[in-house]
Number of protein chains: 2
Amino acid sequence: MPLTRRDVLDTARRLVADYGLGDLTMRRLAFELGVKPGAIYWHVPSKQALLAELADELLDSVPEPSPRKRWDRQLLQLGTDLRAALRSHTDAAELVAAGRATSLASSQLGKSVMAIVQRSGAGERQASAARDALLHFVIGFTFDEQSHESLVRHGASPARLGDSDRTFDDALAVVVRGIVASARPSAS
Amino acid sequence: MPLTRRDVLDTARRLVADYGLGDLTMRRLAFELGVKPGAIYWHVPSKQALLAELADELLDSVPEPSPRKRWDRQLLQLGTDLRAALRSHTDAAELVAAGRATSLASSQLGKSVMAIVQRSGAGERQASAARDALLHFVIGFTFDEQSHESLVRHGASPARLGDSDRTFDDALAVVVRGIVASARPSAS
């Protein structure tokens, strides 16, 4: 069977999930696929482009929240699901934080957040600010979590005390409350 | 003159600022300092510990906002100054996002945010959530900016359209508005 772009992406995702971002090389990827490195470059122009594609797919895997929920609950759901998606793979938050070629603005996830906020009556500028606040907070928080877990695994830092789910929920609620307050026509 | 811990940190900071995080090695650092690599390990136990120290110093360099300003303005100021500090060095946001050994909670900057929010009458749990929302948003936003700028420099992505200062200010205002809404005793 000829090598497909899908094979390349799936195997790269598995390597990152199993061994972390630092161990993904085009040579390693070719070895895993049983092909010469040149065969991979036929499907993706560079390692950077490959990482960007993986990052975009990861963001796109976050489900759309049910539109029957209250809109602020939809945002809480989306933030929680994004963190869960990032935490399901080793180094996924770093991949998404560093690897995207497209901006959050043009991602499907970014568009979903904007649509939810705009359905509440907010204008486009308010919806963009909501999207940026929500997604950068969630990605920033989860990147910090995963970096720290990696330090702990390598014995370079003690584990943190406290319940990180509760810490996340509390801070996410702050951000969503700010989105609600900013979306009101009376917001200063 | 004998090598001091200060020499090691200052030279490491300069190397990161000039060449980026990826090019900092203990060997390179030793070469710059004109010493053998072993001499460096006498002052810092590992490269990871060195990066953590640099990250903590960078966070600590953000000035405390004037307590005579309104407290929400102090938070806006602190967020803006943190972004400026991160943007003053190549890869500084990545360094802070990935390299801290201590948590944001125990950083001086984290304590400053908590103190500002608690002076408004908020409780400790609300102040912690405010700190996490604000700092993870700013670091996440700035890391995304710097990662993207690095892709643009390497020709791997087109430059983004739009005014990133305005984008940042708008989203920071959302987060701070959420902190204000959450700090009120009536917050749900």
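Structure above, values below:
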| item | result |
| --- | --- |
| Label spacing, shortest first and in nm, from residue A:3 to its equivalents in the remaining copies (7 angstrom along Cα→Cβ) | 4.3 |
| Along each principal axis, Cα extent of the stretch B:5-44, largest first, Å | 24, 17, 15 |
| 15 Å beta-carbon shell around residue B:1, net charge (K/R +1, D/E -1) | 0 |
| Rounded Å value of the spacing that divides the Cα centres of the stretch B:7-25 and the stretch A:39-87 | 33 |
| Descending principal axes extents, the protein assembly as shown, alpha-carbon based, whole Å | 65, 58, 37 |
| For chain A, calculated [θ]222 nm from helices alone, where every DSSP H run of n ≥ 4 adds -39500 (n - 2.57) | -22000 deg cm²/dmol |
| Percentage relative contact order, the stretch B:5-44, counting C-alpha pairs under 8 Å, at least six apart | 42 |
| Ranked by how many other beta carbons lie within 10 Å on average, peptides A:123-132, A:60-69, B:55-64 from highest | A:123-132, B:55-64, A:60-69 |
| Neighbourhood charge, 12 Å Cβ-Cβ cut-off, centred on residue B:149 and excluding it, Lys, Arg +1 and Asp, Glu -1 | -1 |
| Shielding by other protein chains, B:112-120, mean Cβ within 10 Å | 0 |
| Share of Cα-Cα pairs in the stretch B:55-183 lying beyond 22 Å, as whole percent | 35 |
| Extreme residue, positive dipole direction of chain B, given options B:67, B:19, B:103 (C-beta unit charges) | B:67 |
| Least to most buried among A:70, B:177 (fewest other Cβ within 10 Å first) | A:70, B:177 |
| Proximal lysines relative to residue A:69, as straight alpha-carbon distance under 19 Å, when same-chain residues fewer than 8 apart are discounted | A:111 |
| Inter-part distance where the stretch B:133-188 and the stretch A:135-158 are each reduced to a Cα centre, Å | 19 |
| Set of lysines near residue B:36 by C-alpha distance (under 27 Å), chain-local residues within fewer than 8 positions excluded | B:47 |
| Farthest positive-ward along the stretch A:116-166 dipole, Cα basis, beta-carbon charges - from A:118, A:139, A:150 | A:118 |
| Averaged over B:140-152, number of beta-carbon atoms from partner chains that fall within 10 Å | 5 |
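Bear in mind that the values in this text are calculations on the coordinates, not laboratory data. As the structure is a prediction and not an experimental result, all values here were calculated from the model. All Cβ positions, glycine included, derive from the backbone under ideal geometry; neighbour counts span all protein chains shown.
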